[in-house]
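Before any comments, here is the structure.
The values are calculated or read from the model by the stated rules, or taken from the named source; none is laboratory data. Note that the coordinates shown come from a computational prediction; the quantities given were computed from them, not determined experimentally. As a convention, Cβ positions derive from the backbone with ideal geometry for all residues, glycine included, and neighbour counts pool all protein chains shown.
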Amino acid sequence: MSSDVKNASTFEFKAEIKQLLDILVHSLYTNKEIFLRELVSNASDALDKVRFESTRGTEILDKDLPLEIRIGFNEKKKQITIADTGIGMTKEEIITNIGTIAKSGTSEFIKQISQAKGDTSNLIGKFGVGFYSVFMVAEKVEITTRSFKKDEKTYKWISDGLGSYEIQEIEDDKVKRGTEILIHLKEDEKEFAEKYRLESIVKKHSNFIQFPIFVEKEKVNNVAALWREPKSNVKPEQYNEFYKFLTYDNDEPLSVIHKSVDAPIQFNALLFIPKKYNDFFGYNRENYGLDLYVRRVLIQHQNKDLLPEYLSFVKGVVDSEDLPLNISRETLQENVIFNKISSSVTSQVLSFLADMAKNEKEKYAEFWKEHGKIFKLGYMDFTNQEKWADLLRFNSSTCNDEKELVSLQEYVDRKKDKQKEIYYVLGNSRQAINSDPHLEIFKSKGIEVFYLYDPIDEIAISSLNKYKDFDIKSVDQADLSKIEKMDDVVEKKDESEKLTKDDEKHFDSLMSKMKEILGEKVKEVRESKRLKDSPAVLVNPDNSMSGSMQKIMQIMNKDQSIPEKIMEVNKNHPLMRNLLKIFKADSNDNYITDVVKQLYESALLLEGYLQDPHELVGRINKLLNQSSDWYTSVKKI
Ligand code: ADP
Ligand code: MG
């Protein structure tokens with residue numbers, strides 16, 4: 001691994017890094033200028049770290065050095081330098097930070113980026129493989145760095161980005177704290193070593209860096225903290241630019257929330273809701289949180305406690321005067337002031353969304369489409385439950401298509417007078433739900449039902465239990481005795497004749513017979529109040545849980561058994577009436593057995609529990625055969 005030159009050693013890059021370098025250098029189509037953005041942002045991170053350390057009284061080398069970034073260039077030599085007075089690196093830090101560490105998800109990132117088409121510069125930034133991007137333009141890079149820790153030496157790191165790097169120890173006590181990166185540009189990229197070019201790249205990508213950036217002697221960026229400016233001073237373009245700077249998003253944000261709160265606790269917040277949900281490949285899960293500043297000092301990048309996880313789509317910055325500068329990140333969560341800020345930020349976001357839902361319905365629908373799924377996870381936030389519930393949206397039976405959305409409030413406003421409950425049903429699609437037998441009574445009474453398509457919808461809505469004064473129930477948990485008394489809205493079809501008293505008794509016996517046929521498979525066979533068009537349906541004996549929730553729990557527990565159900569039959573259905581006739585003629589007719597088993601398995605199939613279709617298919621074929629005999633005889637063919 002290492003050659004034995006005095007004070008110099010050669011190291012191999014870790015395999016993943018080699019692969020990454022290879023892609024960056026050879027096959028990646030991207031905006032090459034972003035290498036500068038990445039190096040400047042590393043310099044800024046290093047400066048943030050020094051400032052952070054000095055606020056807690058750590059001893060710091062060259063502590064009076066101004067915190068700044070200086071960019072120099074030499075056109076003739078095709079060189080660029082980027083120097084910062086940041087935290088610097090020890091030898092061990094160079095090896096781990098620059099040569100070894102490949103973050104979790106790197107190999108996935110490599111796979112994705114090598115397949116990605118078009119401009120990939122935002123991916124590079126979002127994933128933070130920043131430093132290596134320098135090799136898109138450099139044939140050789142030298143890093144000279146000195147740690148802020150006293151007694152550390154200066155080191156030089158040199159690499160051509162091919163497979164290895166060298167580290168030398170520099171014996172020069174005059175080197176000041178910080179890091180300087182010297183880039184030897186490739187022949188093809190030499191035009192980067194030019195003043196105007198460098199200035200414009202800095203202005204474009206690094207304008208909001210909180211430390212002065214000089215190109216030669218001139219300061220090029222705007223160091224003002226936008227979040228501390230009065231709202232009236234900030235132009236929409238500035239918000240957009242800052243958002244892009246912060247998130248590496250190419251798009252503008254969907255919304256901007258800029259708040260300055262003075263009482264009871266002072267803080268400024270500049271928050272953004274992105275247009276698109278940003279879990280860009282599903283593996284960058286930790287890429288969320290707000291940047292927490294205390295009096296303009298960055299205390300924590302991507303703090304994950306300022307907002308609850310269900311609002312993690314929100315990006316931005318929070319800055320407070322009231323937190324102590326030397327607060328430790330570890331104890332933030334126990335700090336009373338921090339917690340007050342966090343709950344205030346949370347309610348600001350929720351109120352903002354409530355306004356949007358009220359005044360900008362289309363925009364809210366856009367928001368819901370992108371971020372609704374994560375927002376629904378807010379069922380654990382009991383403090384804000386009411387506000388959260390008001391922001392939920394679902395499809396419902398009254399909508400014209402699957403895309404339309406209804407709030408709980410809208411549902412309550414237009415529900416039937418006598419209706420005391422709010423109903424929902426979970427299914428795979430609008431079409432599937434529309435033909436669910438459980439809904440027949442709701443349709444006939446004109447009662448609106450929320451249509452849910454994702455298990456998380458049911459977990460969210462059922463976690464509420466109640467909205468305003470109304471219990472929230474799955475259609476299979478509804479109190480049918482009340483619904484039954486409500487007026488029908490659908491014109492009744494030719495009402496089937498009422499059964500005679502005598503036939504009622506026979507029907508009871510038929511139901512006992514059905515139970516006998518099905519045996520242990522059902523707990524009970526009983527008459528249904530909910531069916532209008534279907535002959536039979538299965539319901540849960542345990543009314544404390546909906547059938548769909550029971551299914552979700554079973555899937556989570558990897559339980560494949562078929563739960564015990566009650567079979568409900570529709571006394572007025574023509575099939576049941578015929579069955580009654582057959583039963584009266586011969587109570588042991590095999591046809592009854594076939595039909596009852598078939599009704600049970602068809603219902604199981606609808607509930608999603610039928611595992612082996614063989615028996616069912618065999619029986620259907622037999623019944624089809626019988627009905628074809630009948631059909632040919634009727635048709636006289
Ligand atoms: P990231 O910035 O996302 O961590 P990079 O590849 O850009 O990834 O940088 C890798 C690491 O190298 C940084 O996390 C930091 O520890 C170190 N580093 C890079 N540039 C500097 C610098 N100018 N000063 C101090 N450390 C640096
Ligand atoms: Mg970086």
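Residues in segment 235-276 that are more than 22 Å from the chain's Cα centre (by Cα), assigned to a loop (DSSP other than H, G, I, E, B) and either buried (at least 16 other Cβ atoms within 10 Å of the Cβ) or at positive phi (or both): Ile265 alone. Screening Glu495 with (1) at pLDDT 95 or above; (2) exposed (fewer than 14 other Cβ atoms within 10 Å of the Cβ) gives one miss only, at (1). Screening Asp188 on (1) free of Cβ contacts under 8 Å to residues at least 60 places away in the same chain; (2) under 27 Å from Lys49 (Cα atoms); (3) not assigned by TED's automatic domain parsing to the domain that holds Val317 shows it passes everything except condition (2).
Restricting attention to segment 563-588, which residues are within 24 Å of Val617 (Cα to Cα) and in contact with a Phe, Trp or Tyr (Cβ under 7 Å, 6 or more places away or on another chain)? Across segment 563-588, the qualifying residues are Met567, Ile582. Scanning segment 277-311 for residues being under 22 Å from His258 (Cβ atoms) and either of a type in the set (Asp, Glu) or assigned to a strand (DSSP E or B) (or both) gives a total of 13. Can you name every residue in segment 312-331 that is of a type in the set (D, E, K, R) and in a loop (DSSP other than H, G, I, E, B)? The answer is Glu321, Asp322. Is it the case, given these coordinates, that Glu362 is under 20 Å from Tyr467 (Cβ atoms) and surrounded by fewer than 17 Cβ atoms within 10 Å (Cβ to Cβ)? Spelling it out, it is not the case that Glu362 is under 20 Å from Tyr467 (Cβ atoms) and surrounded by fewer than 17 Cβ atoms within 10 Å (Cβ to Cβ).
Looking across segment 374-389, the residues that are in a helix (DSSP H, G or I), within 20 Å of the chain's Cα centre (by Cα) and either modelled with pLDDT under 95 or not basic (Lys, Arg) (or both) come down to Ile374, Phe375, Leu377, Gly378, Tyr379, Met380, Gln385, Trp388, Ala389.
The single condition from (1) touching a residue at least 60 places away in the same chain (Cβ under 8 Å); (2) touching a helix residue (DSSP H, G or I) at 6+ places or on another chain (Cβ under 7 Å) that Val314 fails is (1).
Within segment 390-408, restricting attention to residues that are touching a residue at least 40 places away in the same chain (Cβ under 8 Å) and in a helix (DSSP H, G or I), the residue that is farthest from Ser435 (Cα to Cα) is Leu391. Scanning segment 205-234 for residues that are among the hydroxyl-bearing types (Ser, Thr, Tyr) and in a loop (DSSP other than H, G, I, E, B) yields one hit, Ser206. Please verify whether Gly519 is assigned by TED's automatic domain parsing to the domain that holds Phe583 and within 27 Å of Gly608 (Cα to Cα), treating the condition exactly as stated. Here the answer is yes, as Gly519 does meet what is asked. Checked against (1) touching a strand residue (DSSP E or B) at 6+ places or on another chain (Cβ under 8 Å); (2) closer than 25 Å to Pro274 by Cα, Ile327 passes all but condition (2).
Of the residues Glu59, Glu75, Glu38, Glu33, the single one that is within 13 Å of ligand 1 (Cβ to nearest atom) and charged (D, E, K, R) is Glu38.
Yes/no matrix, rows are residues, columns are (1) assigned by TED's automatic domain parsing to the domain that holds Met576; (2) of a type in the set (S, T, N, Q):
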site: Asn465; (1), (2): no, yes
site: Val490; (1), (2): no, no
site: Lys505; (1), (2): yes, no
site: Asp508; (1), (2): yes, no
site: Ser512; (1), (2): yes, yes
site: Lys529; (1), (2): yes, no
site: Met545; (1), (2): no, no
site: Ser548; (1), (2): no, yes
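Considering only segment 411-425, I want to know if a residue exists there that is modelled with pLDDT under 95 and either acidic (Asp, Glu) or outside any loop (DSSP other than H, G, I, E, B) (or both). Looking through segment 411-425, at least one residue is modelled with pLDDT under 95 and either acidic (Asp, Glu) or outside any loop (DSSP other than H, G, I, E, B) (or both). Asp457 meets the stated requirement of being among the acidic types (Asp, Glu) and either within 24 Å of Leu391 (Cβ to Cβ) or at pLDDT 95 or above (or both).
Name the pairs: first residue in segment 369-384 and assigned by TED's automatic domain parsing to the domain that holds Val345, second residue at pLDDT below 95, Cβ to Cβ under 7 Å, at least 6 apart or on different chains? Note: no pairs meet the criteria. Within segment 556-605, the set of residues being part of a loop (DSSP other than H, G, I, E, B) and small (Gly, Ala, Ser) comprises Ser561, Ser587. Residues in segment 32-85 that are in a strand (DSSP E or B) and within 13 Å of ligand 2 (Cβ to nearest atom): Ile82, Asp84.
Per the conditions (1) at pLDDT below 95; (2) more than 10 Å from ligand 1 (Cβ to nearest atom), the sole criterion not satisfied by Thr96 is (2).
Counting the residues of segment 504-523 that are under 44 Å from the mean Cα position of the chain (by Cα) and surrounded by 15 or more Cβ atoms within 10 Å (Cβ to Cβ) gives 3.
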